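What follows is a short report on a single structure.
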Amino acid sequence: MDLLGLANYAVFMAILIGIYALLALGLNIQWGFTGLFNAGIAGFFAVGAYASAILTSLPASGRLGGYELPLVVGWLAAMAAAALIAWPIGKICLRFRSDYLAIATIGVAEIIRLVIRTEGWLTGGVRGVTGIPRPFGDLDYMPSQIAYLAIVATLVLVAYLLVERQVKSPWGRMMRAIRDNELAAAAMGKQVEARRLQAFVFGSALMGLAGALFVHFNRSVTPEAIDPMIATFLIWIMLILGGSGNNRGAILGAAVIWIIWSVSELLTDRLPTEVAVQAKYARVFIIGLTLQLVLRFRPEGILPERQPGAPPHR
Amino acid sequence: MSFLEFLNFHLVPGIVLGSVYAVGAIGITLVFGILRFAHFAHGDMATLGAFIALALVTAGLTPWAALPVAMAAVAVVAIVVDKLFYDYLKARPKIMTVMASLGVALMLRAVVQVVFGVDPRTYATGIVRPDDYFGILLRDRELYTLAAVVLIVVGLTLFLRHSRWGKAMRAMSDNPDLARLSGVDNRKVTMLTWAIVGALCAASGFMLGINNELQSMMGWQVLLPMFAAAILGGVGRVEGAVLGGLIVGVAEEMSIFILPAQYKAATAFVLLLLILLVRPRGLLNGKVL
């Protein structure tokens, strides 16, 4: 691989890391600060992806869409759509322990996958949505990639700063209080359910935005692009390894895990075909094992949560 | 549609599917009730059991003879998984164990995919014609499935009601601290629970496989219906899990009257949300965690 190819690859990777960082930040709002178990990240990602795709894409026969609306509208719609799906689920499940939310979100992701595959008039079915515009897509390959990276990086930065600001505010303290001792927080007059719902909806909206960024980067989206369990699980490992409850940790974890995951894919692709299929699933085994090892030996992650005024992590 | 057609094409398949869900849901309800967490590796543990049985069948055993061996094998697997991946998380919030079990689900499935590949398999080849029982069409394997489920449910209920260890399990389900104070060894009860849960997983996976085909994703796909069944019946209640399993199974088969067939898999989810909305303790008044 020559130098230019390497640089191209690095930019490509950086864009995807940015998208995953947004997902990890969204999950950090839900899990890291509030203790909500979302096992359907891929579902919210897909909703955002398709919402923006349908609103901004070129017209195509046989499916809804072709409104050619501005990108910003598509992105806002992606966030709104993911939030709209999250709201009723949270409303029903957040009264109970997080296990129930986890089960329900697995179901949501499954239903969303079914809808995407079945409702061809909406999503193009298995053919998916194509002709999705890309900002600065008219430029040459490299400038266009760099421009997109700049957009993604800006959005990650904005999301990071906003979440960081929220977490340091009284709101963030209240969320941690609810996470760490629900009864005490409720006794202090905090509305546990409503606050959790806020965190769940905000986090899901961020995941929807990540989905939108992903489709505008690829210019198309098909049901195959979103493998529910592996995608969801990768994001969980990113957050846990990076350090749940720490936004920089979430972004760092996204980078580390995505690089390991992609490099391992490059390696397994070079294997002879007889073992290539096995190697593909062995990778999945290894990410499962990685989670167990992190949970066991470094549950606080690479960058542990910083609690102002509290002694370092137990 | 005549009544017999309705019976043969919708109700009977629903009951068979439902009784398989019931076996899985009993395991989920035991873990949920006694160990107090949602066990997400349940479906993939069932897949593993089904494929262990397949390996035995390939080695020359008949499917129904392979079942008890597979149950014993997965019982051991479940105990080992608990020792390796769940036990040390005991003192931390239960949701960490839920997360670990999601990782275990992925690992178990990857093992099946590496060892057995991803192509659909069956225990026996060829088409089996159903026999006619007064107009009701049943295949032998469906009869055996129903019989095995009844045997498992009756045996387990008797065990939980009357045996020393069964009582210890129920005591731990009611109140672990009180049970320990009364001399119940929580560690042993945990081990016993995992052995039973593992065996039930293998049984449900096997029955799923023999009535249809074996796939590496099949366990994950039935996880949601099984959870819906356990919560519908009431968490911690074995008879509730059976009732819930039957309701979910029959509802899935009936769903095609109101929903397009592609959305069959959505039935369980709808039932789950409905029961959480109106009666989170479940039909038979179980626990709410």
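Each value in this text was obtained by applying a stated rule to the coordinates, not by laboratory testing. What you are looking at is a predicted structure, and each value in this text was computed from that prediction instead of being measured. Glycine gets a Cβ as well: all are built from the backbone with ideal geometry, and neighbour counts include every protein chain shown.
Could you tell me whether residue A:107 is within 12 Å of chain B (Cβ to nearest Cβ) and either out of contact with any His (no Cβ under 6 Å at 6 or more places or on another chain) or closer than 30 Å to residue A:179 by Cα (or both)? Yes, satisfied.
Remark: residue B:264 matches the filter, which requires a residue to be surrounded by fewer than 24 Cβ atoms within 10 Å (Cβ to Cβ) and either β-branched (Val, Ile, Thr) or over 23 Å from residue A:95 (Cβ atoms) (or both). Taking (1) out of contact with any helix residue (DSSP H, G or I) (no Cβ under 9 Å at 6 or more places or on another chain); (2) in a helix (DSSP H, G or I) in turn, residue A:28 satisfies each apart from (1). For a quick check of your reading of the model, give me the residue pairs whose first member lies in the stretch A:129-156 and is farther than 17 Å from residue A:209 by Cβ, whose second is part of a strand (DSSP E or B) and of a type outside the set (S, T, N, Q), with beta-carbon atoms closer than 9 Å and at least 6 apart or on different chains. What qualifies is A:129/A:221; A:130/A:221. Beta carbons closer than 9 Å, at least 6 apart along the sequence or on distinct chains, pair a first residue in the stretch A:161-182 that is of a type in the set (S, T, N, Q) with a second that is part of a helix (DSSP H, G or I) for A:166/A:29; A:166/A:172; A:166/A:175; A:166/A:202.
The numbered conditions (1) out of contact with any helix residue (DSSP H, G or I) (no Cβ under 8 Å at 6 or more places or on another chain); (2) within 14 Å of another protein chain (Cβ to nearest Cβ); (3) among the hydrophobic types (A, V, I, L, M, F, W, C) are all true for residue A:93 except (1).
Residue B:239 falls short of the stated requirement of being in contact with a strand residue (DSSP E or B) (Cβ under 8 Å, 6 or more places away or on another chain), farther than 25 Å from residue B:84 by Cα and of a type in the set (Asp, Glu).
Among the candidates A:69, A:114, single out the residue that is over 20 Å from the mean Cα position of the chain (by Cα) and not hydroxyl-bearing (Ser, Thr, Tyr). Only one candidate passes the filter, namely A:69. Considering the stretch A:41-66, the residues that are closer than 17 Å to residue A:211 by Cβ and assigned to a loop (DSSP other than H, G, I, E, B) include one that is nearest to the chain's Cα centre (by Cα), namely A:57.
Residue-by-condition table, conditions (1) polar (S, T, N, Q); (2) facing chain A (nearest Cβ under 10 Å); (3) touching a helix residue (DSSP H, G or I) at 6+ places or on another chain (Cβ under 6 Å):
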site: B:190; (1), (2), (3): yes, no, no
site: B:224; (1), (2), (3): no, yes, yes
site: B:265; (1), (2), (3): no, yes, no
site: B:270; (1), (2), (3): no, yes, no
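Residues in the stretch A:76-122 that are in a helix (DSSP H, G or I) and of a type in the set (D, E, K, R): 5 in all. Within the stretch A:221-263, being among the hydroxyl-bearing types (Ser, Thr, Tyr) and over 13 Å from the mean Cα position of the chain (by Cα) holds for A:222, A:244, A:262. Just one of the listed residues (A:284, A:215) is within 13 Å of chain B (Cβ to nearest Cβ), farther than 28 Å from residue A:183 by Cα and part of a helix (DSSP H, G or I), and it is A:284.
You will find that of B:91, B:38, B:110, the residue that is at the interface with chain A (Cβ under 10 Å from one of its Cβ atoms) and not in a helix (DSSP H, G or I) is B:38 and no other. Exactly one residue among B:67, B:56, B:48, B:102 is within 14 Å of chain A (Cβ to nearest Cβ), in a helix (DSSP H, G or I) and over 19 Å from residue A:240 (Cα atoms), and that residue is B:48.
For residue A:273, the conditions (1) more than 22 Å from residue A:27 (Cα to Cα); (2) within 12 Å of chain B (Cβ to nearest Cβ); (3) among the polar types (S, T, N, Q) all hold with the exception of (2).
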